[in-house]
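Worksheet: one structure, shown below.
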Amino acid sequence: MRVKKKDVLYLFIVIFVTILAFGIDDLGILKILCCICFIACTLVREKGEGISLYTIFIFMMFFFAGIVVFADVVGIYDISVFTKYGKMFDYTDDLVNCSLRTMIIYLDAAMIVKVLWPNSKNDNSIKQLNCRSYIDGGLVRILRLVFYILFIPSVFKSIIEVVATSQYGYIATIHLRTMSVGYSILDQLDFLFELVGVLVLYCSKDKKEFLKIAIIYSIPQALTILTGQRGPGIILIVVLVWMYSKYFGKIDRKLLLGMVVSGVLLMTLIGITRWGGEKKVNGFWDAIQNFFLGQGECINVLNLTIQFKDKFINKVPFLFGYFTDIFSTGNNYTIEAITNKNYLAFHVAYLAFPSAYFAGYTMGTSLIAETYELASGNYFIILLLGMSFSCICRMFENHLFDSPLWFAIGFKYIMYYLYSPRYSVGKIISIETLYTFIFMMIVMAFNNLIIKNKKAPQKNILI
């Protein structure tokens, strides 16, 4: 598919706005320019594309950071002031300017990759499905049976967490793992369920089977949403919806809108339940406003990273910490975790809210903040890194069904990338990914052995 002139025009508008943003120090004007960039980014889309990863990413950027900028412009929020865990931060204009410019650069990066690397005419979704590496039918049936069996302990683990959260609270259950009895074996079975589930999803022969497997696969994570841990479950459902719409059939817009509205209402209710009396809620609309602005406060991860950039004691850049600490041990939310581990979420919470950190609280992380820290605030490097992350996502999208290994790693990376305004793609570098690689290699070797013994005409599977 050729680059469209209209999209190039939108790109030039965003680049022009970016140049203005770096030449203007007035905070009020810079907020408006940031909003213009968000709006321009939403206008880029390919005809008949439906739900795209780019569109979802821009929405996530807006939902987790941009929404408070819009709220500030209309006068219902102040991004220069942040209060959390009983402590207030009053950011300087220079700091907020830096934060807004970093967000604009990240929008530029995503838009540049989208416009200059559009879907190819040969990138046909049905063709990708038809070119999937062959997996023996008998092996698929075994994997499907194992998937259904593992579904039971996986759901059981989620139910235990929901019950424990209602009794002991979110922090004690999810962060501090107070209810540790039986978690070890259930965690392992749940992880195996995820591995086998990815393979079964890959092998879905039609949209009916994919929809059935996707629903079963998402139920355990959907249940954990009831604990207050909303992110992983929501982003899994989002990726499955995108995959269905891209490879198996478009989703009715009314149905999609209904899903979004229902999700917002459910998340609002769960958020109120999770944080109890931390924020006073005066009526339904106040609860909705608190929900959206509460999600958008993730911009403060970037703000605090900029504020504390000279006080961090990490041994390697936080984005590299996922690799260097892959085999790290020791308890989290301790001083040892600060001196021995390189996770931005821990270090920011320790410097900003030490008492809350030792009690098990953090603000989470953000790929944008990790990129800023890695680049030491160099906007050109931030642009290149942002483009690199978008290119990797595009690569996985184009080769998702090339092999089960591509699918398994790509499925995880796409989830992390879309959630990266509130998470990090660095988490793809983990012991779980290593186990995924080993598991897929074993299954594929076993599959090739079966094909060889049957002397089937199909080609051996590609890794």
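3J(HN,Hα) along region 204-214: 4, 8, 8, 5, 5, 5, 4, 4, 5, 5, 5 Hz, from the Karplus curve 6.51 cos²θ - 1.76 cosθ + 1.60 with θ = phi - 60°, whole Hz, x for Gly and Pro. Which shape class applies to region 315-367: rounded if a/c is under 1.5, otherwise prolate when a/b exceeds b/c and oblate if not, where a ≥ b ≥ c are the square roots of the Cα gyration tensor eigenvalues? It comes out oblate by the Cα gyration axes. For the peptides 379-388, 21-30, the ranking by mean Cβ contacts within 10 Å, running from highest to lowest, is 379-388, 21-30. Neighbours of Phe89 by Cβ distance under 13 Å: Lys/Arg scored +1, Asp/Glu scored -1, total -1. Only helices enter this figure: runs of n ≥ 4 DSSP H residues, each worth -39500 (n - 2.57), summed and divided by the residues of the chain, yield -21500 deg cm²/dmol at 222 nm to the nearest 500.
Within the same chain, aspartates and glutamates fewer than 8 places from Lys315 are excluded, and of the rest, those with a Cα less than 17 Å from its Cα are Asp325, Glu336, Glu370, Glu373. Each of the peptides 410-418, 296-304, 134-142, 210-218 was scored by the mean count of other Cβ atoms within 10 Å over its residues; in descending order, highest first, they stand as 296-304, 410-418, 210-218, 134-142.
Using the Cα gyration tensor of region 221-266, with a ≥ b ≥ c the square roots of its eigenvalues, what is the shape: rounded (a/c below 1.5), prolate (a/b larger than b/c) or oblate (neither)? Before the final figure, lay out each step's value.
On the way: a/c = 3.70, a/b = 1.54, b/c = 2.41.
Because a/c hits 1.5 or more and a/b fails to exceed b/c, region 221-266 counts as oblate.
The phi torsions of region 433-448, fed into the Karplus equation with coefficients 6.51, -1.76 and 1.60 and a -60° offset, translate into couplings of 5, 4, 5, 4, 4, 5, 4, 5, 5, 5, 5, 5, 5, 5, 5, 5 Hz, rounded to whole numbers, with Gly and Pro shown as x. Remark: the Trp117-Ser328 segment gains 72.2 nm on full extension, using 0.36 nm per residue and subtracting the alpha carbon distance.
With the Cα gyration tensor of region 180-243 giving a ≥ b ≥ c as the square roots of its eigenvalues, does the rule (a/c under 1.5 for rounded; else a/b larger than b/c for prolate; else oblate) give rounded, prolate or oblate? Write down the numbers at each step before the final one.
On the way: a/c = 2.86, a/b = 1.45, b/c = 1.97.
The shape class here is oblate.
Among the listed pairs Lys208/Lys246; Lys114/Lys254; Lys341/Lys427, give every one whose C-alpha distance is greater than 24 Å. Numbers along the way, then the final one.
On the way: Lys208/Lys246 14 Å; Lys114/Lys254 26 Å; Lys341/Lys427 14 Å.
Violating the 24 Å limit, Cα to Cα: Lys114/Lys254.
Per-residue Karplus couplings for region 16-27, computed as 6.51 cos²θ - 1.76 cosθ + 1.60 with θ equal to phi - 60°, are listed in order as 4, 4, 4, 4, 4, 4, 8, x, 10, 9, 5, 4 Hz, Gly and Pro entered as x.
Where a number appears in this text, it was derived from the coordinates with a stated rule and is not lab data. The shown structure was predicted, so the numbers you read here are calculated from the model rather than taken from an experiment. Don't worry about glycine lacking a Cβ; one is built from the backbone with ideal geometry, like all the others, and counts go over all protein chains shown.
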